[in-house]
Structures are given as structure tokens and as C-alpha cells.
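One structure is given here, and the rest of the page talks about it.
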Amino acid sequence: VSYLYGATSGNKELFKSFGYTDQPHIIGLALFFTIFHPVDSLLDLAGNWVSRRFEYQADRFAKNLGHGESLGRALVNMQIENLSTMTPDPWYSAYHYTHPTLLERLKPIGYTAQSKKEN
């Protein structure tokens, strides 16, 4: 990132294309963040995807150890305490959430309302 900032802040043509004759560092920083924002958005999306995959792996590990029901109850209790939305838009969730939604996590571990009533 610092290399990219150096390349941006030292690029006279970039400043000139935005109408600046000199190269103040604060303007270089503003231009860098303006240019870097789309890349940062893609990196955020990739980071969320990796984080969500790790969550699914952890859930599968807990289920394989026989703790699927306990995990399901704990996730439901956290959902009740946090009062977050149960069905967010899938695109919004994929971009903004680092963890899968409750329903996305309960389905792979096989936890249902019926299994809770049976216990």
C-alpha cells in the first residue's frame, strides 16, 4: 500500500490531470484514496468471503465433533440477544457481513426448530 501511495504522490501527470500544478502531500493522499477505493472494495469482498468460509469450516468441525445441536442453540440465542435481521439481502450480506447469517449457518449443521423442541 505504501508503494502505491508513493507511486501516486510522485506522479506529476496524475496531479496535472486533476488540475493541480504542484504536488502537495495532502492532495496526493486524497487522490490515492480516491483511486484506491475500488480496489479496497474488492479486497473487502474477498476478505469477507474468506472469513465466511472459515466460519463454515468451524461450524462443520463442531458438527463433526457432535456439537451441532449445541452450536445451533448458541447461534439462535446470540441472534435473539443481538436482534439482528434474519433475512438480509444476500448481496448486502455477502459484501458487508464477515459472518454468515443465522439461517445460512443453521442449514448446514442440520439444526431446525423441530430439533430444538425434541430436546
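The values are calculated or read from the model by the stated rules, or taken from the named source; none is laboratory data. Fair warning: this is a prediction, and the values are worked out from it, not measured in the lab. Ideal geometry is used to build each Cβ from the backbone, glycine not excepted, and the neighbour counts take in all protein chains shown. Note: areas computed on protein heavy atoms with side chains; ligands, DNA, RNA excluded. Shrake-Rupley method; radii C 1.70, N 1.55, O 1.52, S 1.80 Å.
Hey, could you get me the Stokes-Einstein D for the chain, Kirkwood radius over alpha-carbon pairs, 37 °C and 0.692 mPa s, rounded to whole µm² s⁻¹?
On the way: Rh = 17.7 Å.
Approximately 185 µm²/s, per Stokes-Einstein.
Measuring from centroid to centroid over Cα atoms, what is the spacing of the range 73-98 and the range 10-31 in Å?
First find each Cα centre; the distance between them is then 42 Å.
Dipole magnitude of the chain about its Cα centre, charges +1 at Lys/Arg Cβ and -1 at Asp/Glu Cβ only, in debye to the nearest 20?
Charge dipole of the chain: 360 debye, to the nearest 20.
Need one word for the range 5-64: rounded, prolate or oblate. Basis is the Cα gyration tensor (sqrt eigenvalues a ≥ b ≥ c); a/c below 1.5 gives rounded, then a/b vs b/c decides.
The shape class here is prolate.
On a 0 to 90 degree scale, rounded to 10, what angle separates helix 68-82 from the longest Cα axis of the chain?
Approximately 60 degrees, to the nearest 10.
Picking from Pro88, Gly68, Leu45, whose Cα lies most toward the positive end of the charge dipole for the chain (charges on Cβ: Lys, Arg +1; Asp, Glu -1)?
Gly68
Per 0.36 nm of contour for each residue apart, how much would the distance between Glu81 and His37 grow if the chain were fully extended, relative to their Cα-Cα spacing?
Length gained, Glu81 through His37: 12.4 nm.
With every protein chain left in place, what is the accessible area per residue of the chain in square angstrom, probe 1.4 Å?
73 Å²
For the pair Val50 and Ala7, what calculated FRET efficiency results from E = 1/(1 + (r/R0)^6), where r is the Cβ-Cβ distance and R0 = 35 Å, to the nearest 0.05?
E between Ala7 and Val50, to the nearest 0.05, is 0.85.
For the chain, with all protein chains present and a 1.4 Å probe, just round the carbon and sulfur fraction of the accessible area to a whole percent.
On the chain, the fraction of accessible area on carbon and sulfur atoms equals 62 percent.
Enter the angle in degrees (range 0 to 90, nearest 10) between the Cα long axis of helix 25-64 and the first principal axis of the Cα atoms of the chain, meaning the one along which they spread out most.
20 degrees
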